[in-house]
Each structure stands twice: as C-alpha cells, then as structure tokens.
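Structure first, then comments.
The values are calculated or read from the model by the stated rules, or taken from the named source; none is laboratory data. Computed from a prediction, not measured in an experiment: that's the story for all the values here. Note: ideal-geometry Cβ built from the backbone for every residue, glycine included; neighbour counts use all protein chains shown. The protein model used for the area step is the full one, side chains on, heavy atoms only, and it has no ligands, DNA or RNA in it. Shrake-Rupley method; radii C 1.70, N 1.55, O 1.52, S 1.80 Å.
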Amino acid sequence: MAVGKVWLVGAGPGDPGLLTLKGARALAGCDVLVYDYLASGAIVALAPPDCEKIYVGKKAGAHTLTQDEITQLIVKLGRAGRNVVRLKGGDVFVFARGGEEAQALHAAGVPFEIVPGITSAIAAPAYAGIPITHRDHNTSFSISTGHENPLKGSSSLDFAKLANPSQTIVFLMAMGNLAAIVDELRKHGIPGDKPVAIVREGTKPTQETLVATLDTIVAEVERTKFAAPAIVVIGDVVNEREAIRWFDNGPLFGKRVLVTRPAVRADDFSTRLWELGAEPIIAPTIAIGPPDDPAPANEAVDRVRTYAWIVFTSRNGVDAFFDRLSERGRDARAFADTKIAAIGPKTAEALAARGLRVDFMPSTFINEAVADGMLERTQPGDSVLLFRAQEARDVVPQTLRASGRNVTDVAAYKTCPVADPELAEKATNADILTFSSSSTVAGFIANVPDAASVCAGKIIACIGPVTAATAREAGLRVAVVADDFTIEGLVRALHNAVSV
C-alpha cells in the first residue's frame, strides 16, 4: 500500500482570514482532517465535503485524545495512504507540540510538510491594539509558555533574564499559573505599576481584553473570572492600546449575525462580517438545485445566439448557464452578437469572469428596474431570453410581453428550502438576522413557524424592499433595509444602523 502524506498546518489564532494560502491549499486537497479545539469552524469548513473530519481538541482537564494518541493517529493514517491535514491552532511549532509530531512521522517514514501559521503571541495583542514592539518602549520581546512539561519537576524559565523592564514579555497558556508568574517577575525587579494586558479569544468576535498592572492583574482576573484561552502581555507597549485599538471597538464587534443565504453564497458575506468583528452564524435556509424540467434551459442554451438579449437576474443563473454550456463543449463564443443584461454588479462580475461584458445593468438592482431598462433598449418583436430562478417574480416577463417583446422565460434553477431543526436555536442565539432574498425568508419561516416570537427584540436586516416586504408579510419586524441592494450594501446598512 502506498504511503500517504501529512501536512502539519498552523491554523492561525482564530480569524479565518489569517490562514495562509498554503494552508488553505493543503486543506482543499486532504481526505482526512485532524483538528484542534482552537481551529476555527470557518477554517475547518474549507476541507472537502467528503473529507473525514476527526476532532482531537484538548482543553484544560478535557482531552479528547492524549498527545501520544494524536501522534499515533496521524502516523497510522499516513501509513494507510491517506492525505492528512493535522490542523493546529496558531503556529505548528510555537508551544504546539508540532515538533514531536514531525519527529514521529519522520521515524515512521511518513512524508510530511510543515505549513507555519500566525502565532497568537503576536496576532492576539495586535488585534487588541497592542504592538509587541514599539521604538518608544522596547527593543526586544520574549515569548514563553506558562504551562511547562509537568514531568520536568521544576521550571526552566529564567526569570532573571525574563524580568527585563525594557522588553515586552508574552506568556502563552499562563492563566493557570498567573499568580506564580507575577510573583517571580516582581521578585526579579519588574515594578508593580508595569502595564499588563490579557487578551482572551484573540482575533475572534468573542475577544476580550483585560488591562491592569503587575500589582493588580491577579485580583482583576479573579474579580472578572477571566479565563483561558488567553495571552498575557507585560510591558509599556500595553499603554498604546487606547490610541491604536481598532478591532474590538467597532459597532458590529461581538454581534452574532445569522446568515441565511445559500451555503455556496455565504462566504463573501461571512468574511466581511468577520472583518468587522461580528460572528457569522451560517444557517442557509435555501439551497440551489436544478429546475423541475431542465429541458427548456438546455434548449435555450443550444439556441443562445438566436436571441437579441439574454437577461440574467442572479449569479446562480450565470453559473447554471455556463454549466450547461461547458457540458456541450462550448464557451463564451456561443453568445455571438447576443446582448447581455445583468441585474446587479455581482451578476455582472460572474459574467466578466467568463469573458463577457454586460450591455445593460440598472442603477437600482431590482426586477422593476431591469424591466424598465429593457423596454428602453429593445423594440417590439425583439426576442429576449430570461434565464432565472424557477420561482422568480413575473414582473419582468409581464412588462416586456405587454409591450410586444418576444420573451422566453426559462427556469435555470430553483431554490429549495433547507430543513434545519436547529434553526430556531441558531436564531435565538443571534443578535441580528439577515435575509438576502424573499426565498431565504420563506425558507426561514418553513423551519421556524413561530418566527415572530423567536425574532422578537432582534435586529432584522434585508437586502432590499422586496425582501423586506416578504419578511413583514410573515410577521417579522424589519429594522434595516439596504439602499444598495447588494451584500456590500447590506453590510453598510447594518454598520450604519448599529452605529446610531
């Protein structure tokens, strides 16, 4: 049996945007994922859907597997010919026992690669607005573990060297031994008024920062019940936090946002929410599937150049069209002189990615604007293909037909409700609920019949007035409606609404 390969990948400190490109490539190609407690769910989701996922998380007092068992597992999987990603929080080698795992793989003859990750020792303070180095405060920094190998019997930390008041001192995994560490630093000359910050859940929407001094930090931790996972930063650089704090002071920071769009379309919205410090709760209420009768769509693709215009009202329609075109061994040249209309910028971008420029896109991204614009650009008798959702509204075909256009209205795909028995609980845990189409509202109501009571007191945000009208008809109190009917517009509207 051929031997497989193991990639030891640092997942970074939590924000999925901090995963390296090489780490993302390794995840995309693995067939087994062995992942830690600190690995973000959004990063875990980058693995292929059919990938075997094995959770081996370790928290204080709660180990799924011992370290020896984890090492034996990845060796066994590699020997069995599997392509394995061992996903570790932070960096692979910074107090993460990746060195021991690499040694075991080498001894077993299993090929491996190391993919470094961004260590929380630097990233967590940075997200708290604390620079590890600053020319006004220090010329060096140290990173130490606060949780040494218990089998050693005594500490090997040299507090005489660590206790340099001109350097920044960083401790990982130190919460359990914080009092003893503080005592040692005080004994070795660090003044009691030296600033200290503890950053919990760094780079995540749940990030918290506790600032005190060496004299007061232990009492503050006890008073606030501050707990791991956390990074301890000691030094004058902590004083810079108030001036350059940037992540945890935005209006959306810490907000839990329910994302109901289809899973294949959730990434760009979720990424933007992460960047603003919000926590996306991925809960697709609809999925994209083939139409009930695919024959008309297939025939329309075959006859593409016979139409004067083709109108696309979503990226899904563009994807469905080109999937069919590809199955026929054809490409964008099939359009010939046919003109193209797109309802909005994302649809236009999807066409541009295939080498096509749109001839018309309305300034307002709704069907009514599409219909009005098409009337201005066509003549009675012109043939117009509408390639869109099976359940799309009739406003465009009715408007065009009423003015003598020859309209072929084709169901390119359909949206199907997604059954999610946990959706009500997810909505209950969210601060904000977002809807990007009327069908996402319908899918939500299908899963949560008592939606009005579940959503009481929460911010409900819709991508545009049509979606908002559907939500209100279902009894939901809509607080935010985007003026620009795009995901970017929805994010801006949310940001502005919660900033008030």
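General observations
- Selection status of Ala60, of a type in the set (A, V, I, L, M), more than 30 Å from Val264 (Cβ to Cβ) and either open to solvent by less than 20 Å² (accessible area, probe 1.4 Å) or modelled with pLDDT of 95 or more (or both): no
- First in region 156-176 and under 16 Å from His137 (Cβ atoms) and in contact (Cβ under 8 Å) with a residue 40 or more places away in the chain, second anywhere and of a type in the set (Val, Ile, Thr) and in a helix (DSSP H, G or I), Cβ under 7 Å, 6 or more apart: Thr168/Val237
- For region 1-35, taking the residues that are touching a residue at least 60 places away in the same chain (Cβ under 8 Å), under 17 Å from Ala102 (Cα atoms) and of a type outside the set (Gly, Ala, Ser), the one that is surrounded by the fewest Cβ atoms within 10 Å (Cβ to Cβ) is identified as Val3.
- Scan of region 257-313 for residues that are within 20 Å of the chain's Cα centre (by Cα), open to solvent by less than 60 Å² (accessible area, probe 1.4 Å) and among the polar types (S, T, N, Q), ordered by number: Thr260, Ser270, Thr285
- Taken together, the residues in region 9-33 that are under 12 Å from Gly117 (Cα atoms) and part of a helix (DSSP H, G or I) amount to 7.
- Within region 433-448, restricting attention to residues that are among the β-branched types (Val, Ile, Thr) and surrounded by 23 or more Cβ atoms within 10 Å (Cβ to Cβ), the residue that is nearest to the chain's Cα centre (by Cα) is Thr434.
- Looking only at region 491-500, and only at residues there that are out of contact with any helix residue (DSSP H, G or I) (no Cβ under 8 Å at 6 or more places or on another chain) and modelled with pLDDT of 90 or more, the one that is surrounded by the most Cβ atoms within 10 Å (Cβ to Cβ): Leu494
- Within region 484-500, the set of residues being outside any helix (DSSP H, G or I) and of a type in the set (Asp, Glu) comprises just one member, Asp484.
- Of the strands (runs of 3 or more DSSP E) contained entirely in region 326-423, those carrying at least 3 residues that are touching a residue at least 60 places away in the same chain (Cβ under 8 Å) and β-branched (Val, Ile, Thr) fall at 406-417.
- Only one of the listed residues (Leu8, Leu46, Leu18) is more than 21 Å from Ala266 (Cα to Cα) and touching a helix residue (DSSP H, G or I) at 6+ places or on another chain (Cβ under 7 Å). That residue is Leu8.
- Between Ile74, Ile43, the distinction of being buried (at least 23 other Cβ atoms within 10 Å of the Cβ), under 20 Å from the mean Cα position of the chain (by Cα) and in a helix (DSSP H, G or I) belongs to Ile43 only.
- Pairs, first of a type outside the set (A, V, I, L, M, F, W, C) in region 476-500, second open to solvent by less than 10 Å² (accessible area, probe 1.4 Å) and in a helix (DSSP H, G or I), C-beta under 7 Å, six or more apart: Asp483/Gly489
- Complete set of residues in region 232-254 that are open to solvent by 30 Å² or more (accessible area, probe 1.4 Å) and either among the hydroxyl-bearing types (Ser, Thr, Tyr) or closer than 27 Å to Gly146 by Cα (or both): Asp236, Asn239, Glu240, Glu242, Arg245
- Considering only residues in region 314-342 that are closer than 16 Å to Pro362 by Cα and modelled with pLDDT under 95, the one that is surrounded by the fewest Cβ atoms within 10 Å (Cβ to Cβ) turns out to be Arg315.
- Residue check for Ala266: part of a loop (DSSP other than H, G, I, E, B), aliphatic (A, V, I, L, M) and at pLDDT below 95: no
- The sole residue among Thr399, Thr415, Thr378, Thr428 that is open to solvent by 50 Å² or more (accessible area, probe 1.4 Å) and of a type in the set (Val, Ile, Thr) is Thr428.
- Of everything in region 109-151 that is polar (S, T, N, Q) and touching a strand residue (DSSP E or B) at 6+ places or on another chain (Cβ under 9 Å), the residue that is nearest to Val6 (Cα to Cα) is Thr119.
- Contact map, region 67-83: residues that are at positive phi paired with residues that are among the aliphatic types (A, V, I, L, M), Cβ distance under 6 Å, separation 6+ or inter-chain. Pairs shown: Gly81/Met1; Gly81/Ala2.
- Residue count for region 118-133 under the criterion of being open to solvent by 50 Å² or more (accessible area, probe 1.4 Å) and not hydrophobic (A, V, I, L, M, F, W, C): the result is 1.
- Considered as a group, the residues in region 462-475 that are of a type outside the set (Val, Ile, Thr) and closer than 20 Å to Ser314 by Cα include one that is farthest from the chain's Cα centre (by Cα), and that residue is Ala469.
- For beta carbons closer than 6 Å, sequence separation of 6+ or different chains, a first residue in region 36-54 that is closer than 16 Å to Leu77 by Cβ and a second that is in a loop (DSSP other than H, G, I, E, B) and open to solvent by 30 Å² or more (accessible area, probe 1.4 Å), the qualifying pairs are Cys51/Asp31.
- Test: Leu87 is under 27 Å from Pro280 (Cβ atoms) and either open to solvent by 40 Å² or more (accessible area, probe 1.4 Å) or part of a helix (DSSP H, G or I) (or both): no
- Verdict on Ala243 being modelled with pLDDT of 95 or more and within 30 Å of Phe387 (Cβ to Cβ): no
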